[in-house]
Amino acid sequence: MAAAAVDDGETTARFEAEVRSWLAWCRALPKVELHAHLNGSARSSTLVELASGLGEKGLINFPEVQAILLKGDRSLAECFKLFDLIHLLTTDHNIITRITKEVIEDFAAENVIYLELRTTPKCNASVGMTKRSYVEAVLAGLKAVEAVQVISGSQENHKKVLGTTLSRPIIYVQLLLSIDRRESTEAAIDTVQLALDMRNCGVVGIDLSGNPWVGDWNTFVPALKLAREKGLRITLHCGEVPNPTEVQNMLLFQPERIGHACCLEESEWTSLLHSSIPVEVCLTSNMRTETVPVLQDHHFASLYKSKHPIVICTDDPGIFATDITREYALAAVCFGLKKANLQFLAQNAVRHIFADDKVQAELQKIFDAAAINPHEFTHRP
Ligand code: IMP
Ligand code: ZN
């Protein structure tokens, strides 16, 4: 990752030391995470434990799977093979509930105060899983969180929780349902229908993701239009690989946010800057999957210089061995940002969340309080 941007061990060590020097401050900063995939955020330790269980039953070759799970750098194509493997390990309602709980606790430990967690609803007849029961298992994970107080669902729920005496730090969690690019138009519409049914439970939007070499934009347009008509917010994985026609169509669709925007040609880049569509930037993910060759040359720098709205995100912290704190620290070191710049980026992310204005106002209050002294973060009761 960052080491690929530099030329020798000594420079890498210096770079890492500099990143490390930022970690405590970046951890204390309240943060908003808007681009994290549930299965890509699962703890490696949990995945290895699950693989070991399947290995003992003779269902997989454990040493082989463990080596794949713990491998460092991987290409974009290898990532999607890994997702298929992870999905084999997490094919069970209880496991989905467990990883959801752990993922939320991990983000909260990095002082994330608002998390939009996205996941692809899955059917699996062999374990009686439907897209709906999958999402219900995720919602059970929200309820199972112990380390912090999760605020989710309807405004009524928010009021109920905020009206009680809070003994734990809080984290707002909202869900985005992902359409996988392998899916048909009908399957994509099913996901949107499910999202609409589950709005009161904290589903606020739709994501389009999956292997960018697979699928065609037109397949997903009917579902995305339906989502828009009914008031769901939309974010699209856009420009992960060169695909000018698709990027143009995506930008014309005017989603509320896009993820990545790595492989844009000059004209698409100009369209993006004119559009002011916020970009979810995932530095380590882009480096690991080699969609951006050198971290220091990441388009973060151009977006930032153009004052284009950006949100620092992790994408798949489990897969890429990172966390949101490290992503902020990387931005500081690679692009020469100061504390005030990071603080601005973190707080400004609130403007791009998919939850309603009341949640935005609550979060702004937390940031305003923290801005007085980011080391004594005052949302903790
Ligand atoms: P899940 O939706 O919770 O199962 O999270 C994993 C899924 O997210 C993968 O199977 C992909 O469909 C999607 N995903 C995760 N990372 C990326 C990415 O970098 N690009 C595109 N899709 C991704
Ligand atoms: Zn992603």
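The values are calculated or read from the model by the stated rules, or taken from the named source; none is laboratory data. The structure displayed is predicted, hence computed values, not measured ones. Here the Cβ is made from the backbone with ideal geometry for all residues, glycine too, and neighbour counts use every protein chain on show. What goes into the accessible areas is simple: the full protein's heavy atoms, side chains included, and nothing from ligands, DNA or RNA. Shrake-Rupley method; radii C 1.70, N 1.55, O 1.52, S 1.80 Å.
If you go through the stretch 38-58, how many residues are open to solvent by 20 Å² or more (accessible area, probe 1.4 Å), in contact with a Gly (Cβ under 9 Å, 6 or more places away or on another chain) and not polar (S, T, N, Q)? Can you show your working first?
If we filter the stretch 38-58 for residues that are open to solvent by 20 Å² or more (accessible area, probe 1.4 Å), which is where we start, we get 43-45, 48-50, 52-58.
So of that shortlist, the ones also in contact with a Gly (Cβ under 9 Å, 6 or more places away or on another chain) come out as 43-44.
Filter once more, so that each one left must be not polar (S, T, N, Q): 43.
Of the residues in the stretch 38-58, 1 are open to solvent by 20 Å² or more (accessible area, probe 1.4 Å), in contact with a Gly (Cβ under 9 Å, 6 or more places away or on another chain) and not polar (S, T, N, Q).
Across the stretch 107-120, which residue is surrounded by the fewest Cβ atoms within 10 Å (Cβ to Cβ) among those that are in contact with a strand residue (DSSP E or B) (Cβ under 9 Å, 6 or more places away or on another chain) and assigned to a helix (DSSP H, G or I)? Write out each step before concluding.
We begin by selecting, within the stretch 107-120, every residue in contact with a strand residue (DSSP E or B) (Cβ under 9 Å, 6 or more places away or on another chain); these are 107-108, 110-120.
Filter once more, keeping what is assigned to a helix (DSSP H, G or I): 107-108.
Details: Phe107: 25, Ala108: 21.
It comes out as Ala108.
Return the pairs, sorted by first residue and then second, in which the second residue is part of a loop (DSSP other than H, G, I, E, B) and within 13 Å of ligand 2 (Cβ to nearest atom), the first residue lies in the stretch 310-329 and is over 20 Å from Ala261 (Cβ atoms) and open to solvent by less than 20 Å² (accessible area, probe 1.4 Å), the beta carbons are less than 9 Å apart, and the residues are 6+ apart or on different chains.
Short answer, once both residue conditions are applied: none.
Out of all the residues in the stretch 294-308, which are at pLDDT 95 or above and among the aliphatic types (A, V, I, L, M)?
Ala301, Leu303
Return the only residue of Lys81, Lys71 being within 11 Å of ligand 1 (Cβ to nearest atom) and open to solvent by 40 Å² or more (accessible area, probe 1.4 Å).
Answer to the check: Lys81.
Being within 16 Å of ligand 1 (Cβ to nearest atom) and either surrounded by fewer than 24 Cβ atoms within 10 Å (Cβ to Cβ) or among the β-branched types (Val, Ile, Thr) (or both): is that true of Thr289 here?
yes
Return a yes/no flag: does the stretch 266-275 have any residue that is in a strand (DSSP E or B) and touching a strand residue (DSSP E or B) at 6+ places or on another chain (Cβ under 9 Å).
Checked the stretch 266-275: no residue is in a strand (DSSP E or B) and touching a strand residue (DSSP E or B) at 6+ places or on another chain (Cβ under 9 Å).
Restricting the search to the stretch 162-197, which residues are β-branched (Val, Ile, Thr) and crowded, with 16+ Cβ neighbours inside 10 Å?
Of everything in the stretch 162-197, those that are β-branched (Val, Ile, Thr) and crowded, with 16+ Cβ neighbours inside 10 Å turn out to be Ile170, Ile171, Val173, Ile179, Ile189, Thr191, Val192.
Considering only the stretch 51-59, I want to know if a residue exists there that is touching a helix residue (DSSP H, G or I) at 6+ places or on another chain (Cβ under 8 Å), within 30 Å of Leu345 (Cα to Cα) and not in a loop (DSSP other than H, G, I, E, B).
No, the stretch 51-59 contains no residue that is touching a helix residue (DSSP H, G or I) at 6+ places or on another chain (Cβ under 8 Å), within 30 Å of Leu345 (Cα to Cα) and not in a loop (DSSP other than H, G, I, E, B).
Kindly provide the set of residues from the stretch 276-295 that are closer than 18 Å to Ile324 by Cα and more than 15 Å from ligand 2 (Cβ to nearest atom), ordered by number.
Within the stretch 276-295, Leu295 is the sole residue that qualifies.
Output the number of residues of the stretch 292-322 satisfying the condition of being in contact with a Leu (Cβ under 7 Å, 6 or more places away or on another chain), among the hydroxyl-bearing types (Ser, Thr, Tyr) and within 12 Å of ligand 1 (Cβ to nearest atom).
0
Just to check your reading of the model, which residue among Leu252, Leu224 is away from ligand 2 (no atom under 16 Å from the Cβ), aliphatic (A, V, I, L, M) and surrounded by fewer than 19 Cβ atoms within 10 Å (Cβ to Cβ)?
Leu252
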